[in-house]
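The structure appears right after this line, and notes come after that.
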Amino acid sequence: MMKKSILAKVVSVAALFITCGAAFAAGKYDNWPEKDIHIVYYTRPGSGGDTFLRNMAVAVKNKLNGHNIVIENLIDPSGAVPWGRVQRAPQDGYTLACLSTTVVTADLIGHSPVKYPDFAYVCALGNDPQYVFTRKDMQFDTLPELIDYAKKNPGKLNWGTAAPTSASTICSAEIIRTTGIDVNRIVFDTGGDTLVNILGGFCDVGVGEYVDMRPQVEAGNLKLIALLARDRNSLNVPTTVENGFNIVFERLRGLAAPAGTDPELVARMAEVFKAALDDEKFKKYLADEAIEGKFVDGAAFLASYDGVAATIKDNEAALRGKKN
C-alpha cells in the first residue's frame, strides 16, 4: 500500500513538472518586452518612414509592459550602416530594423553588404503607395493622357527621379520601360528635390509618396494622376491597373529582427506590434497620409520584397543609369 502511495506521488510530481514545463515553453516570451526596444531607421527624423515608426511606437505603448521604443536614426541613404548594425545585434528582440523597399534596392543596385533576405521578418503594418504626380497646370490629367503626350512629343517631357535605390525611381523606370516612352530622366538626390523642381517648372513629372506631397496637393499646386495599384484607396485616385497598365508597386513598411531570432519570439513581437492597427490615433494618422493599414506576417512581408527584387531586375539597366 505504501509503495503504491509513493509511486502515485512520484507520478503526480512528474506530471506537475511536465505540465509546468509545457506551460513555460508555450508562453516563454509572454513577458516580452522586459526592457526598452531599440528600432533603427536609416533616414532623418521627420521623414515619411520615421513618422510612420514614431506613430506606431505611440500606438503600442500600452503593450510594452511599462517599457519604451527608442528610435535611432542612423542616417545613411544606402541603409548599410543601420541595417548592418541590426544584423549583427543579439537575437533577443531588443534591436530591430524598420524596413522599407530601400533595403532591397540598396542590396541589388547599390551593392550594399546588407542583403535583404538576411533578416527575421517580423511583420508589416502598412502599405505606403506610390503616385504619379505633376503640376496642376500640365495638360494631362490621367496616366493615359500623359503617355499619349509623351509618345507624341518624344524627348520633350522631363521626368524627375531620385537616387537609384528609391522606390520612386523603381516605379518611374517601370512605367518608362513598359510603355516605351522617350523622356528626359533628371536625377535628383532625393524625392523632395524632385518635388521642388516640379513645382518650380524645371521638371514635369515625378513619382512619390503622399506624405511628401500632401501640403502641395491640398494647396492645389500638384495633382495626382495615377496610383500604382490595383484598387483605389481613400484618395480615390485612378489606378494604373484600371487604366490598362499592369504596373503595381506595394511599398510595405514593417519590422525585422536579426536572422536566427527564435520564431516564437518573432511571433510574440508580431502580436505586440499588430495591436497598433487597433489604435484610433494610429488609424487616423494612416488615413490622413493615405497609407493602407494592414497586418502582413513575416513570410508574406519577405515575399513582397521578393516581388520588388523582380521589378528591379526587369529595370536593372535603367536603374544603373543606362538609357532605356
Within segment 254-324, which helices (runs of 4 or more DSSP H) (wholly inside it) include 3 or more residues that are under 14 Å from the mean Cα position of the chain (by Cα) and more than 24 Å from His67 (Cα to Cα)? 298-314
What are the residues in segment 187-210 that are aliphatic (A, V, I, L, M) and buried (at least 18 other Cβ atoms within 10 Å of the Cβ), if any? Leu195, Ile198, Val205, Val207
Out of Gly206, Gly192, Gly201, which single residue is part of a helix (DSSP H, G or I), in contact (Cβ under 8 Å) with a residue 12 or more places away in the chain and more than 30 Å from Gln91 (Cα to Cα)? Gly192
Can you name the residue in segment 219-233 that is within 19 Å of the chain's Cα centre (by Cα) and in contact (Cβ under 8 Å) with a residue 24 or more places away in the chain and, of all such residues, is farthest from Ile175 (Cα to Cα)? Asn233
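Please verify whether segment 228-239 includes one or more residues that are among the aliphatic types (A, V, I, L, M) and over 18 Å from Gly126 (Cβ atoms).
Within segment 228-239, none of the residues are among the aliphatic types (A, V, I, L, M) and over 18 Å from Gly126 (Cβ atoms).
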Can you tell me how many residues in segment 103-137 are surrounded by 24 or more Cβ atoms within 10 Å (Cβ to Cβ) and part of a helix (DSSP H, G or I)? 5
Evaluate the following for Ile71: is it assigned to a strand (DSSP E or B), free of Cβ contacts under 8 Å to residues at least 40 places away in the same chain and surrounded by 17 or more Cβ atoms within 10 Å (Cβ to Cβ)? yes
Single residue of segment 44-61 satisfying the filter (free of Cβ contacts under 8 Å to residues at least 12 places away in the same chain and of a type outside the set (D, E, K, R)) that is surrounded by the most Cβ atoms within 10 Å (Cβ to Cβ): Ser47
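Every read-out reported here was derived from the displayed coordinates using simple, explicitly stated rules and does not represent laboratory data. From a predicted model like this one, the values you see are computed outputs, not experimental measurements. Because the Cβ atoms are built from the backbone with ideal geometry, glycine has one as well, and the counts that use them run over all protein chains shown.
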